[in-house]
Amino acid sequence: MAQEYRVLLEYADKINPEKASDYIKVGGYKGLEKARSMNPKDLIEEVKKSGLRGRGGAGFNAGMKWSFVPQYPETKYVVCNLDEGEPGTYKDRIICQKNAQALLEGMAICGYAIGSKQGYIYCRGEYPFVVELLKNAIGNAKESGALGEFDIEVRMGAGAYVCGEETALIESIEGHRGEPRFKPPFPGVEGLWRMPTVVNNVETFACLPYILTNGAEWFAGIGAKSYPGTKVLTLTGDIENATYFEVPTDYLLRDVIYELGGGVKGGKKLKAVQVGGTSGAFIPPQNLDTPIDFDSMSAIGAALGSGAVFVMDETRDIVDIVNRIAKFFEHESCGQCTPCREGTFRCKEIMEKINNGRGSLQDIENLKLLARVMMKASLCGLGQAAPIPITSTLTHFEYEYLRKLV
Amino acid sequence: MANYMDIIASCKDKPGGIIEAYHAIQKEYNYIPQEALKEAARAFKVSEAQAFGVATFYSYLSVEKRGKYIIRMCESAPCHVAGADEVLKTLEAHLGIKVGETTSDGKFTLELTECVGQCQATPVVTINSEPIFGVKPEMVPEILAKFK
């Protein structure tokens, strides 16, 4: 089993993503039609039954998330998270550039399920061309009547990694600094402008039309049982085919690298692979025979996350790369809570010291303690995940640290 | 050139529109002038400190004057291992400025950025948000020559 399985990207480069009519020709907007023929409660049950779990990284059951939204408030919102900021990730950009209408249809399906007439797409500031594409796609879909009464507005972020966290994203749409809120209340109950809001990732929304069209059982039967469907992956680093692929979720990490990826660049040996973006764990070669799905990745102490696959060959200096990553988190910490603000700063400081050959065993002990505190005490996922590259490399690649000590 | 007063007025009625206004101002001015910050605070009914707080939170927004072309070198891990440091050194040497500075003729500003989501061909440099792929140090003079 070494082939791609394209659902979201089946018609990539064969249809114009801006045109609703192109999308309708290949079966588009049938899912929304079917959804609207159902009772919203049954629709949510159908999505639950499909087993669709969030594709942004947290892996929460999408139908379950929707079911938390209370029925009575008049105003509710559907928000799409297109802030993909995890280094090495560009799958949401690809989904928009190849199949934007599926995203719009998915948002409208969610809107019908929770009783919302207004959607927002929060697109990262690095993608002004995607903002234009989406605005045209929305205009075209509205004109064709495909979206019905459901409206979608695109808002552009401005270069803040933390805005990928759903409550920080909401703060940013509201025109504030992108600082995460305390949870609870969760956005499903109190989100955008304090109204019930569903926030889902681009890929999650884009799966919905296919689930409705082909049925929940069909989707539940693809890939891994506990995390069904396909996943769009982006390969970066020392890999022959540095591009994107869509695979069923029970696809092995080894096959991602050696079959689709064409192997390590220049025929070199693999030293490590980091899955899920810069906040993911470093995985050693002995763990390559793991399926990429959420739970299998968790079982080896890693995470599927955004689906970025960053390959490092045998010549790479792990400590130098982790040092770079520590600088990333120090830069991207929003500064609101102390464990993250001070923790990312100290991680960077200690990593720099070790990388420059001035570190001691005590520094490594301090890093481990600091990591424990950050993981337990940080307010949001940023601070909680920031130490993972450090702890995972200390587990699997400790010798790389030890040889740099004084 | 569109006036910042007009830009702010056009976004004023949009809930949470201050960031949209800042984007539109930057498109014209390449940064957010202080008078525009004051006007945004007034129009969106927040304190000047809050308007400033929003503008300085986001790495894409700048309250300092910048050059006509903003060069951003990605330094995230995939670009880092692909040789971003060498490209950055070449950019600095060629422009005669350090990161965060603007050339004396006001043409180029050099900044660092985190991942811009174009990792299919690393390292990546963006010039006024336009990505340039697989940049090698020897390509720098030719790339810069295109921006007059």
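The values are calculated or read from the model by the stated rules, or taken from the named source; none is laboratory data. Being a predicted model, the structure only gives us computed values, none of them experimental. Cβ atoms come from the backbone with ideal geometry, glycine included; neighbour counts cover every protein chain shown.
Scanning segment B:1-34 for residues that are more than 10 Å from every other protein chain (Cβ to nearest Cβ), outside any helix (DSSP H, G or I) and surrounded by 13 or more Cβ atoms within 10 Å (Cβ to Cβ) gives B:LYS12, B:ASN30, B:TYR31, B:ILE32, B:PRO33.
So which residues in segment A:31-78 are of a type in the set (S, T, N, Q) and in contact with a strand residue (DSSP E or B) (Cβ under 8 Å, 6 or more places away or on another chain), if there are any at all? Selection gives A:ASN61, A:THR75.
In segment A:28-54, the residues that are within 18 Å of A:LEU104 (Cα to Cα) form Cβ pairs under 7 Å with partners that are part of a helix (DSSP H, G or I) and charged (D, E, K, R), at six or more places apart or across chains, as follows: A:GLY28/A:GLU105; A:TYR29/A:GLU105; A:GLY31/A:GLU105; A:LEU32/A:GLU105. Going through (1) outside any helix (DSSP H, G or I); (2) surrounded by 17 or more Cβ atoms within 10 Å (Cβ to Cβ); (3) in contact with a strand residue (DSSP E or B) (Cβ under 6 Å, 6 or more places away or on another chain) one by one, B:VAL99 falls short only on (2). The residues on offer are A:PHE397, A:PHE345, A:PHE329, and the sole one that is modelled with pLDDT of 95 or more and touching a strand residue (DSSP E or B) at 6+ places or on another chain (Cβ under 9 Å) is A:PHE397. Scanning segment A:308-366 for residues that are assigned to a loop (DSSP other than H, G, I, E, B), surrounded by fewer than 21 Cβ atoms within 10 Å (Cβ to Cβ) and not acidic (Asp, Glu) returns A:THR315, A:ARG316, A:GLY335, A:GLN336, A:CYS337, A:ASN356, A:GLY357, A:ARG358, A:SER360. The residues of segment A:300-317 that are within 11 Å of chain B (Cβ to nearest Cβ) and either within 26 Å of A:PRO180 (Cα to Cα) or touching a residue at least 60 places away in the same chain (Cβ under 8 Å) (or both), listed by number, are A:SER306, A:ALA308, A:VAL309, A:PHE310, A:VAL311, A:MET312, A:ASP313, A:ARG316, A:ASP317.
Only a single criterion out of (1) of a type outside the set (A, V, I, L, M, F, W, C); (2) within 13 Å of chain B (Cβ to nearest Cβ); (3) more than 21 Å from A:GLY276 (Cβ to Cβ) is not satisfied by A:LYS327, namely (3).
Every residue, every condition in (1) surrounded by fewer than 18 Cβ atoms within 10 Å (Cβ to Cβ); (2) not aliphatic (A, V, I, L, M), yes or no:
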position: A:LEU8; (1), (2): no, no
position: A:ASP22; (1), (2): yes, yes
position: A:ALA35; (1), (2): no, no
position: A:ARG53; (1), (2): no, yes
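Here A:ALA216 meets the list (1) closer than 21 Å to A:TYR29 by Cβ; (2) buried (at least 24 other Cβ atoms within 10 Å of the Cβ); (3) in contact with a Lys or Arg (Cβ under 8 Å, 6 or more places away or on another chain) almost entirely, failing just condition (2). Say we look at segment A:63-122 and pick out the residues that are in a helix (DSSP H, G or I) and of a type in the set (Asp, Glu); which of these is nearest to the other protein chains (Cβ to nearest Cβ)? Only one residue tops the list, namely A:ASP92. Anything in segment A:50-62 that is in a helix (DSSP H, G or I) and either more than 23 Å from A:GLU10 (Cβ to Cβ) or in contact with a Ser or Thr (Cβ under 7 Å, 6 or more places away or on another chain) (or both)? List them, or say none. Listed by number, the list holds a single entry, A:ALA62. The set of residues from segment B:104-132 being part of a strand (DSSP E or B) and among the β-branched types (Val, Ile, Thr) comprises B:THR109, B:THR113, B:VAL125, B:THR126, B:ILE127, B:ILE132. Looking across segment A:235-283, the residues that are over 22 Å from the mean Cα position of the chain (by Cα), under 13 Å from A:VAL309 (Cα atoms) and surrounded by fewer than 21 Cβ atoms within 10 Å (Cβ to Cβ) come down to A:GLU240, A:TYR258, A:GLY263.
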